[in-house]
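The structure appears right after this line, and notes come after that.
The values are calculated or read from the model by the stated rules, or taken from the named source; none is laboratory data. Here the structure is a predicted model, which is why all the values come from computation and not from measurement. Here the Cβ positions follow ideal geometry from the backbone for every residue, glycine too, while neighbour counts run over all protein chains shown. Only protein heavy atoms, including side chains, enter the accessible area calculation; ligands, DNA and RNA are left aside. Shrake-Rupley method; radii C 1.70, N 1.55, O 1.52, S 1.80 Å.
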Amino acid sequence: MSTSHLSEQEQLRREKLAELIMMGIEPYPAPLYPVNNNSTNIKKSFSETIKNEFTDVCVAGRIMSVRDMGKANFAVIQDSHGRIQLYIKRDDICPGEDKTLYDIVWKKLLDIGDIIGVKGHVFVTKTGETSVHVKELTLLSKSLRPLPVVKEAEGHTFDAVTDPEFKYRQRYADLIINPSVKETFTKRTRLISSLREFLDRHGALEVDTPVLQSIPGGAAARPFITHHNALDIPLYLRIANELYLKRLIVGGFDWVYEFSRNFRNEGMDRTHNPEFTILEFYTAYKDYFWMMETTEQMMEKAAMDVCGTTDVLVGDKTISFKAPFKRISIFDAIKEHTGTDISRMNEEQLRSVSRQLHIHVDNTMGKGKLIDAIFGEKCEKNYVQPTFIIDYPVEMSPLTKKHRDKQGLVERFELMINGKEIANAYSELNDPVDQRERFEEQARLMERGDDEAMFIDYDFLRALEYGMPPTSGIGIGIDRLCMLLTNSSSIQDVLLFPQMRPERGSEAEQEQA
């Protein structure tokens, strides 16, 4: 393998690797290592009164710093819990005549970033630092690439790991250098656990539905397309799991949910990633009023479980997740923020109003998309505190039950927080004749060039014809909700490995050249 593309540091580390192997030291030994404690527990639990319980600790971690004091060193290692100081004395780890392990291996061949295991006893230094006095040291993994460090360029000092391109592309290095990043993803796990616990406690059943689908249904979005070789048919990565979960309601389940990985072949920005996670659940014999109350309870619980409070700092704003949330119809919201009542306008009137409001529209957009564009451009950003936008026009909601009292509207809400949609919910359409007509209207929009219009799902229509009970359903954007509860400004900050453009000048390209 060519090494011409390697930096001086990377070449030097490979030379050290070769020297370790020549000395008979395995730089990547068998994985079993008898770790019996961790950095956080040691620092939290150790005291002089119980020091006998810490006479034989074994910890492992990555070397983060070393202070050379001749025949003794202080070092800091980082494990999955935090960091702890080590005291490494030459005569302790090399009690005999042979001092090679200390003089050659520790002093010359180990580097910042190497992973080591140590055994010893815990003590407190004169400066009050709880530390491990090392009696035995083992190399567990030799690092061949130096960790990012603070750099200077053109008179400016910067940390390489604050660069978004670096952070998102090399998340592994970001996690090593910035421990706070790990806390974001710990909170994400707590969020999902909180929502799952709520649903399980109330009797919902977690299920799995197909990711590869013959028809990309359940949402208005552009799908990713692939090909199944054995069946010789096109397949789509799912844009939503809604229609499959409703099939299960038809089949007799009363309450089902899924944390669904969805894929939409659309643009990327700070609140959109082509691969994202959504929680969808559907409950028989409920409506969107019940769903609003349930959503408030779930959001309040999630804020408490993740943040310990319902008042959450997001940027420079404090957002209250305390129920109840404000409710306002989409037409009233548009009238409030544009001064125009669009509730009785036809498609051409809506297109004219959109242009007057300097909103880009085109002839492929039907009535529903025009209203959505007006709301998105002029209203959405104003709803910082949790607000239910309710009672949408039927043209915007092909899968939603018509409003029981208001002609031309459907029983739907979107939950807006900090100016973005967090959840979308309906009283579900269970009339198969009405659903067929809505699908056919979507097909006409597709013929006009709307590449986000829904396909007709004939199998779903067949399922509805067996009879689906009155049902309410919701989709909650996990990534966006996680952004709020971790005070993250970009969706990439709450995704371990966000989608990135191909890396130019990568190592693979250099080697191929």
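So how far, in whole Å, is the C-alpha centre of the range 479-506 from the one of the range 446-474? Result: 32 Å between the Cα centres.
Here's the list of aspartates and glutamates a cross-link from LYS187 could span, going by alpha-carbon distance under 14 Å and ignoring same-chain residues fewer than 8 apart: ASP305, ASP479, ASP493. The value given for the range 141-272 is a Kirkwood hydrodynamic radius of 19.0 Å, derived from the mean inverse Cα-Cα separation.
Once you divide the Cα radius of gyration of the range 58-112 by 2.2 N^0.38 Å, the number left is 1.14.
Applying 1/(1 + (r/R0)^6) with r as the Cβ-Cβ distance of ASN36 and ASP103 and R0 = 30 angstrom yields a FRET efficiency of 0.55. The magnitude of the dipole of the chain, with charges of +1 and -1 set on the Cβ of Lys/Arg and Asp/Glu and taken from the Cα centre, is near 1120 debye. Our estimate of slack between ILE112 and ASP232, defined as 0.36 nm per intervening residue step minus the Cα-Cα distance, is 38.0 nm.
For GluC sites (Glu not before Pro), the sites in the range 16-106 that DSSP calls loop and that have at most 12 other Cβ atoms within 10 Å are GLU97. The peptide list 290-302, 197-209, put in order of mean Cβ contacts within 10 Å with the highest first, becomes 290-302, 197-209. If R0 is taken as 45 Å, the Cβ-Cβ distance between GLU19 and LYS44 corresponds to a FRET efficiency of 0.70. Estimated purely from DSSP H runs of n ≥ 4, each contributing -39500 (n - 2.57), the mean residue ellipticity at 222 nm for the chain is -9500 deg cm²/dmol once divided by its residues. When the chain is described by a simple charge dipole with +1 on each Lys and Arg Cβ and -1 on each Asp and Glu Cβ, the residue from PHE439, SER320, MET23 located farthest towards its positive end is MET23.
Legend: calculated FRET efficiency, MET268 to ASP56, from the Cβ-Cβ distance at R0 = 56 Å, rounded to 0.05, equals 0.60.
Remark: the LEU205-GLU183 segment gains 5.0 nm on full extension, using 0.36 nm per residue and subtracting the alpha carbon distance. When +1 charges are put on Lys and Arg Cβ atoms and -1 charges on Asp and Glu Cβ atoms, the dipole computed for the range 310-446 relative to its Cα centre reaches about 200 debye. Overall size of the chain from C-alpha positions, given as principal axis extents largest first: 92, 60, 52 Å. With the alpha-carbon atoms of the range 304-348 aligned to their principal axes, the span from lowest to highest coordinate is 49, 22, 16 Å, starting with the largest. Of the residues GLY252, PRO148, LEU231, the one whose Cα sits farthest towards the positive end of the charge dipole of the range 100-255 is GLY252 (charges of +1 on Lys and Arg Cβ, -1 on Asp and Glu Cβ, taken about the Cα centre). Counting only residues at least eight positions apart within a chain, or on another chain, the lysines with an alpha carbon under 19 Å from that of LYS367 are LYS335, LYS378, LYS401, LYS402, LYS406. Charge dipole of the range 197-257 (Cα centre as origin; +1 on each Lys and Arg Cβ, -1 on each Asp and Glu Cβ, all else neutral): 240 debye, rounded to the nearest 20. Loop-resident trypsin sites (Lys or Arg not before Pro) (DSSP state other than H, G, I, E or B) in the range 398-466 with no more than 15 further Cβ atoms inside 10 Å of their Cβ: ARG404, LYS406, ARG448. Pop out the carbon and sulfur fraction of the accessible area of the chain as a percent, whole number, probe 1.4 Å. Reported share for carbon and sulfur atoms: 50 percent. Between GLN407 and GLU10, the distance separating the two model label sites (each 7 Å from Cα on the Cα→Cβ line) works out to 7.1 nm. Listed by chain and number, the lysines whose alpha-carbon sits under 30 Å from that of LYS51, ignoring those within fewer than 8 places in the same chain, are LYS43, LYS71, LYS89, LYS99, LYS107, LYS119, LYS126, LYS135.
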